[in-house]
1. Under 10 Å from the Cβ of CYS41, count the other residues' Cβ atoms, weight Lys and Arg +1, Asp and Glu -1, and hand me the total.
2. By how many nm would the segment from SER11 to VAL37 lengthen if fully extended, with 0.36 nm per residue of separation less the alpha-carbon distance?
3. How far apart, in nm, are the 7 Å Cα→Cβ label points at GLU48 and LYS21?
Amino acid sequence: MTTPIHPDILSQKIACSVCLKEVPMSSALMPEGADYVGHFCGIECYAEFAAQQNAAATAQPENQRGSQK
């Protein structure tokens with residue numbers, strides 16, 4: 001069973017993880033990661049975040065990536 005979300009929560013504002021623009025919680029994109037949830041004001045900021053994460057992962061030396069054997 002799903003718990004209904006209280007309207008006061010949806011009216012709260014949260015900062016975009018990239019540009020820090022405040023957006024209503026009800027309209028924020030919320031991609032979930034392994035360790036956190038990111039909030040984005042739109043697809044452009046999410047794409048920028050994804051590109052930064054990809055660049056950081058490819059720049060990291062192989063022995064620091066935690067590759068499984």
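Any read-out appearing in this document is the output of simple, stated calculations on the displayed coordinates, not a laboratory observation. These numbers come from a predicted model, not from an experiment. With ideal geometry, Cβ positions are generated from the backbone for all residues, glycine too; neighbour counts draw on all protein chains shown.
1. Working: positive: LYS21; negative: GLU22, GLU44.
Result for the local shell: -1.
2. Working: separation 26, 0.36 × 26 = 9.36 nm, distance 1.84 nm.
Going from the current span to full extension adds 7.5 nm.
3. 0.9 nm
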